[in-house]
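Below is one structure, written out as structure tokens; comments come after it.
The values are calculated or read from the model by the stated rules, or taken from the named source; none is laboratory data. Note that the structure is predicted; figures quoted are calculated from it, not measured. Note that we place each Cβ from the backbone using ideal geometry, even for glycine, and neighbour counts take in every protein chain shown.
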Amino acid sequence: MIRGLLEGVPRRGLAMLAALLALLLAFPFFASGYLLAVGFLILYFAYVGQAWNIMMGFAGQLSLGHSLYVGLGAYAAAALYVHFGVSPWVGLGASIAVCAAAGAVIGFLAFRFGVGGVYFAILTIAFAEFARIGFDHFTWVRGSSGLFLPVANYTENDLWNLRGSPRMFYYLMLGLTAGAFVLCHALLRSRMGYYWLAIRESPEAAQALGVNLFRYKMVAVVVSAAMTSLAGVVFAFYYNNLFPEQIFHISRSIELILGPIIGGIGTLVGPLVGALLLTGLAEGMGELMLALGVDIPGVKQVFYGICLLLVVMFLPDGVWPPLARALRLDRKGKD
Amino acid sequence: MVLLEVESLSKSFRGLRAVQNVSFEVPAGEIVGLIGPNGAGKTTIFNLIAGVYAPDSGSVLFQKRPIHALRPDQICAAGIGRTFQNVKPFAGLSVLDNVLVGAFLREKAPSAARALSLQILEKLGLGTKRDQLASSLTLPDRKRLEVARALATRPKLLLLDEVMAGLRPTECDQIVAVFRELNRAEGLTIVLIEHVMRAVMALAGRIVVLHHGEVIARGTPEEVVRDKAVLECYLGEETEV
């Protein structure tokens, strides 16, 4: 199976991936607390971007409501932990189930009744907004006053209960990101992956070649939702507080799709590159402003805007495809 | 044995009768041509057979089984492959990947699907272009790609919608030879919509002529080109074949 995964991957690509992984593994040993937090954020966005990319980049279904799955995943595991002391490793089962079910409901409504394109995107926003407003009044998880996880000074990492140092969370997120990368790589080479790409490129032609559109679009939504829920679980235990107004907010949905858009929609490496560029540069920008003694509110947002503008204008396929050509890692690099 | 039976098929679009009471049969192993002027309802009939539209009335039987209530993917799975007149390549995928999508219908394992796809690409003369993006192909090559994808689903019946249009005569002869070979060696049954009479005459054993959504003539190519009604409405007096 491993041989199948490696087949056809350029050697240079593998070497670079290995180097990147080594760098990421070593990073906490020379990074400050602040840099480690930035590293965590980059991995977090790389992971959720990868999950979102399955729906949009592979199957061509635009979701603008992925904060729904982050939020539901976070709340499910956190509530079970706060109320019943259930370990997040058990709770994530509930998170996955809840998010997969939510994705299935949205997918069913949309694909059964032929809701596509921007209307599908609006439907995903609507569900995230339902959740935001609904959770404000959901007293079992403390409604709008927020759900807090007990915090104490831990001398040791408690991986079972996800209580511990930022370093532990960094490695956890790294594991998830690496896992998502390998999973997406495998999916893209499978029959399902080809069917998703076919649906993205031309649903009519795909259907004429025997592809059951409803089934494969449903699978894309459910897989993407389930993957996103894991990010929610880590998010909850990393930040220790959850507010419906924040976690389900549409700005969160937008934030998590910018990485793959900037990096390259539908590519495997795009979400990683995009997350690194956006989060890294935005934080760097903040630091730079701080060092220069300039305090302008909203600099990060303006920076996002400028980045998006530049990429849309000059790199319509994202940063990764031209970068891959430059590094000779694309398909033609073999010839 | 009759492979496909179209019985009293009718379809209207907002009052426009695109297809009216059309019936014809396609015996297994034969090549049937569907000809007629633009707007005669040829492509609509294909879309009715392939499940894109549901007929207002009438039925379509494939291997004695009614298929007119099935979805396009179910009809493809039943054994009917089709090409689109307005080609619909998966533009962002390579030529090989385009064909792989079709091959995955019967070959679940990627290696087997790949082998089948490569074989079909060779047959259609696209072997050297397999790594190109489909969007970079010329129109004749895109038409060939349509055929390759449909063939990769291993159909029993192939519906070809104007795949020769825009081809040079030598290219046209090449692809005619491919279809004749598929028909002869593998017993593939073909229904083709075509304006290029050279190709129709070379391939079809029977021809059905449509005009204003109705069948106005049917028979062997020789009978059809001598038919008065056909000459008037479609071929014209000076047609050379």
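Observations on the structure shown:
- For B:Gly92, the test of being more than 21 Å from the chain's Cα centre (by Cα) and either within 9 Å of another protein chain (Cβ to nearest Cβ) or farther than 27 Å from B:Gly51 by Cβ (or both) is passed.
- Qualifying residue in the stretch A:9-27 (condition: in contact with a Gly (Cβ under 8 Å, 6 or more places away or on another chain) and over 29 Å from A:Glu287 (Cβ atoms)): yes
- Inter-residue pairs, beta-carbon under 9 Å, first within 14 Å of another protein chain (Cβ to nearest Cβ) and more than 16 Å from A:Phe181 (Cα to Cα) and in the stretch A:255-270, second surrounded by fewer than 24 Cβ atoms within 10 Å (Cβ to Cβ) and modelled with pLDDT under 95, 6+ apart: none
- The one condition in (1) in contact with a Phe, Trp or Tyr (Cβ under 6 Å, 6 or more places away or on another chain); (2) more than 24 Å from B:Gly36 (Cβ to Cβ) that B:Val178 fails to fulfil: (1)
- Checking A:Ile247, A:Ile296, A:Ile306 one by one, the residue that is under 25 Å from A:Ala126 (Cα atoms) and among the β-branched types (Val, Ile, Thr) is A:Ile247 and no other.
- Evaluated against (1) surrounded by fewer than 16 Cβ atoms within 10 Å (Cβ to Cβ); (2) modelled with pLDDT of 95 or more; (3) of a type in the set (S, T, N, Q), B:Asn86 falls short on exactly one condition, (2).
- On inspection, A:Phe111 qualifies as touching a residue at least 12 places away in the same chain (Cβ under 8 Å), under 30 Å from B:Leu93 (Cα atoms) and among the aromatic types (Phe, Trp, Tyr).
- When each of B:Ala109, B:Ala115, B:Ala103 is tested for being facing chain A (nearest Cβ under 10 Å) and over 20 Å from the mean Cα position of the chain (by Cα), the lone residue that passes is B:Ala109.
Table: residues versus (1) within 14 Å of another protein chain (Cβ to nearest Cβ); (2) touching a residue at least 60 places away in the same chain (Cβ under 8 Å); (3) closer than 30 Å to B:Leu70 by Cα.
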residue: A:Arg167; (1), (2), (3): no, yes, no
residue: A:Ala180; (1), (2), (3): no, yes, no
residue: A:His185; (1), (2), (3): yes, yes, no
residue: A:Arg191; (1), (2), (3): yes, no, yes
residue: A:Tyr195; (1), (2), (3): yes, no, yes
residue: A:Glu201; (1), (2), (3): yes, yes, yes
residue: A:Lys217; (1), (2), (3): yes, yes, yes
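- Single unsatisfied condition, B:Pro55 versus (1) without any contact (Cβ under 8 Å) to a residue 12 or more places away in the chain; (2) more than 9 Å from chain A (Cβ to nearest Cβ); (3) crowded, with 21+ Cβ neighbours inside 10 Å: (1)
- Within the stretch A:273-304, if we keep just the residues that are under 15 Å from A:Pro260 (Cα atoms) and modelled with pLDDT of 80 or more, the residue that is surrounded by the fewest Cβ atoms within 10 Å (Cβ to Cβ) turns out to be A:Gly280.
- Given (1) away from chain A (no Cβ under 14 Å); (2) in contact (Cβ under 8 Å) with a residue 40 or more places away in the chain, number of the condition B:Leu121 does not satisfy: (2)
- For first residues located in the stretch A:54-65 and on the phi < 0 side of the Ramachandran plot and modelled with pLDDT of 95 or more, partners that are charged (D, E, K, R) and in a loop (DSSP other than H, G, I, E, B) and lie 6+ apart or on another chain with Cβ distances below 9 Å do not occur.
- Boolean, B:Thr128 is closer than 21 Å to B:Thr170 by Cβ and more than 23 Å from the chain's Cα centre (by Cα): yes
- Restricting the stretch A:58-86 to residues that are more than 19 Å from A:Asn241 (Cβ to Cβ) and part of a loop (DSSP other than H, G, I, E, B), the residue that is nearest to the chain's Cα centre (by Cα): A:His66
- Total residues in the stretch B:58-83, condition modelled with pLDDT under 95 and facing chain A (nearest Cβ under 9 Å): 0
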